[in-house]
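Everything below concerns the one structure shown next.
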Amino acid sequence: MSQLLQIAGSFKNLAYTALPILVPMAWRSGNKVYHTLKSPKYRARIHPISARNLRVVLVLAAATVALLLFYTPIARASEFNIFQITESRLQTPIEVVATRFRVLYAAPGAEGGQPWLSEAQARMPRNLRKAAAFTTEASWERFFARLTTLEGRVLYTGYGSNAFLHCDFCRTDAPWTFFLYVLPAILAPYIANLGLVLMVTRGPRNFITTTQSAQWTSIFVTITIVLAVLDVALFYSFPTTQFAMQTRHAVSRDAALWIYREAHKYRAIFLALVDASLAFVVWLAGTGRLWDNSFTEDGYYRSTQRAVQALDMAVQRLRVSTMLHSHVIARNKDFRTAYEQWGELEQLFDQKLREAPKVKEARKSAQQRKAALLRNVEAEAQNLIEKL
């Protein structure tokens, strides 16, 4: 609690300066959002979410639940706290800690206490049993030797028991070696979550990605990468941070900060927040609550796209007709004569058609409706521009 008070006190002056600016901005933004939500135009554009957008939301929701329920227990499955299971303080001599450990988990009748024997493993906690499954006496001797110094115990709180027990190249006088050992475990959840974000935002359109999810790629990819960089930076600089300093001066086991174990929990929470936020904005966009998405569904956007494709096809046909006339009809005497005769017949037919009473009446009626049609076209164009 005292740490939280210290952190809050350090930001007190900044808060006093920022509050007079942030409070009016928040009030104006909230007032604008409130009136937008109450407007009939906003309510009219809300519609049920499509099946593809619902699939994206469900995938992200499943990932969020999996991170919160399963990631931390799995990540901590083989992590143990040697000081906790032996009920020792951080200042307890390591020889005493090792003796307590061997007394607690020695195999019956084993001289010197060999805790990796199968009979002893049956009495171990599950996480300790998994950690000791493939260890040897040399590994345990090296493990306890690394805890003989205060700096080694500080690194133990930061990089965990797996690094101290299984890493062959790690040295307490070179903390970066422990960092290299735990780096894959740190990056693995971020890489997996980054793959999930890319799958739902940049995957095959006919599989899972939708227009509403594709527009959030850069934002959530950037957030995931930033979280990974901050996590890596924390563990890289851990020996020189305030967390390590607090552990050096800790008078009890509970006063020390066990960063590696706690990082699993907060890593899962932050990644779950990323996935839940992406699912939420996809749901908002997919139901029309975030903005009018008639342009991104089967509305104006699809109609405009089909019209552009039809115009493009017409232009291609005109080009083919021009090439055919230039290279075939214009160079052949018989074709050219037939083309001229067809032109004369077309002009004669067009003249008779224009002189027909029904055609004259239709042209006159069209001239009368021209003004009304122009007004309707201008109104539709204005609505289209506003929605864009």
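Some observations on this one:
- Condition met for ALA106 (within 21 Å of GLY160 (Cβ to Cβ) and at pLDDT below 80): no
- Residue among ARG153, ARG146, ARG171, ARG142 that is more than 30 Å from LEU54 (Cα to Cα) and touching a residue at least 40 places away in the same chain (Cβ under 8 Å): ARG153
- Here SER218 passes the criteria (1) part of a helix (DSSP H, G or I); (2) closer than 26 Å to PRO239 by Cβ except the one numbered (2).
- Top-ranked residue in segment 199-213 [being crowded, with 16+ Cβ neighbours inside 10 Å and part of a helix (DSSP H, G or I); ranked as farthest from the chain's Cα centre (by Cα)]: THR211
- Given (1) modelled with pLDDT of 65 or more; (2) touching a helix residue (DSSP H, G or I) at 6+ places or on another chain (Cβ under 6 Å); (3) assigned to a helix (DSSP H, G or I); (4) within 20 Å of GLY288 (Cα to Cα), number of the condition ILE49 does not satisfy: (3)
- Filtered by the rule that a residue be surrounded by 17 or more Cβ atoms within 10 Å (Cβ to Cβ) and within 30 Å of THR99 (Cα to Cα), segment 53-83 gives ALA75, SER78, GLU79, PHE80, ASN81, ILE82, PHE83.
- Sole residue being modelled with pLDDT under 75, surrounded by 10 or more Cβ atoms within 10 Å (Cβ to Cβ) and part of a helix (DSSP H, G or I), chosen from LEU373, LEU348, LEU353, LEU384: LEU384
The values are calculated or read from the model by the stated rules, or taken from the named source; none is laboratory data. All figures in this text were calculated on a predicted structure; none of them were measured in a lab. Every residue, glycine as well, gets a Cβ built from its backbone with ideal geometry; the counts of neighbours run over all protein chains shown.
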